[in-house]
Amino acid sequence: MHQFNLISQNKEKLILFFCGWGMDYTPFFGLESKDYDVVVFYKYTKIETDFNFADLFLKYKEINLISWSMGVWYSSLVMGGLINKLNYKIAINGTLKPIDDNFGINTKVYEATIQNFSKIGRAKFFKRMWNNIEIPKRFLSESTIREIEEQKEELIFLQKNIQTLQEPKNIFDKVIIASNDLICPTQNQINYWNTKTQYKTLNTSHFAFYLWQFWDEIIEYAITD
């Protein structure tokens, strides 16, 4: 797992943001913050992490978790033992069974993504994040700097571990589900969270972040009834 200090302004509050598969910090440069510093985590290719979360809990008065897509599953493994130290725990467009015909990405679709992965396959995936409409120029100009080979490695790692490890404990108290998600199908997300955590639906696609200008707005949306 890699990390990047996206916003570091010596605030008293912090957001830990776990990206989805294949992403890094670059698509999120445009999101600003009023009250929070932001640390971004990405590249999930092993379960263990040597990141020192203890230092963050000493530095900040409040720490919130926002996890997106595959980051929902991965952050549950990494942060599960620290749940009592976190304020809000927000999941966006992901589940704790992220490769599953009823509760996540269709298993055959995921396998086909691995088998056909290339620059063309990645471009098709990105387009599906926007529901097969034109990808915003903002995303293309800020798109991930990660290499094809390591993105495929991450795909394979996630598949292997999601299918073999026990489903992680649900650490989330707020869930946001896109109403038209073609990556992790909307109905599958509803199927998963319906009996576990209160969720809100948002009229958007898998990549929802350009609806907001500030990280603060994501938290405000998630926690407002």
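Matching residues to (1) surrounded by fewer than 17 Cβ atoms within 10 Å (Cβ to Cβ); (2) more than 16 Å from Gly71 (Cα to Cα); (3) within 17 Å of the chain's Cα centre (by Cα):
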{"position": "Gly94", "(1), (2), (3)": "no, no, yes"}
{"position": "Lys97", "(1), (2), (3)": "no, no, yes"}
{"position": "Glu111", "(1), (2), (3)": "yes, yes, no"}
{"position": "Ala123", "(1), (2), (3)": "yes, yes, no"}
{"position": "Trp130", "(1), (2), (3)": "no, yes, yes"}
{"position": "Lys160", "(1), (2), (3)": "yes, no, no"}
{"position": "Leu165", "(1), (2), (3)": "yes, no, no"}
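Scanning region 177-191 for residues that are touching a Phe, Trp or Tyr at 6+ places or on another chain (Cβ under 7 Å) and within 14 Å of Ser67 (Cβ to Cβ) yields one hit, Ile177. The residues of region 44-60 that are of a type outside the set (Gly, Ala, Ser) and not in a loop (DSSP other than H, G, I, E, B), listed by number, are Phe53, Asp55, Leu56, Phe57, Leu58, Lys59. In the set (1) modelled with pLDDT of 95 or more; (2) part of a helix (DSSP H, G or I); (3) exposed (fewer than 13 other Cβ atoms within 10 Å of the Cβ), Asn102 fails one condition alone, (2).
Hey, can you tell me all the residues within region 1-43 that are assigned to a loop (DSSP other than H, G, I, E, B) and in contact with a helix residue (DSSP H, G or I) (Cβ under 8 Å, 6 or more places away or on another chain)?
Listed by number, the residues that qualify are Met1, Cys19, Gly20, Trp21, Gly22, Phe29, Gly30, Leu31, Ser33, Lys34, Asp35, Lys43.
Residues in region 41-92 that are among the aliphatic types (A, V, I, L, M), over 18 Å from the mean Cα position of the chain (by Cα) and within 18 Å of His2 (Cβ to Cβ): Leu56 only. For region 132-158, the set of residues classified as surrounded by 13 or more Cβ atoms within 10 Å (Cβ to Cβ) and of a type in the set (S, T, N, Q) consists of Ser143, Thr144, Gln151, listed by residue number.
The values are calculated or read from the model by the stated rules, or taken from the named source; none is laboratory data. Because the structure is predicted, anything quoted here is derived from the model rather than measured. Every residue, glycine among them, receives a Cβ derived from its backbone with ideal geometry; neighbour counts consider all protein chains shown.
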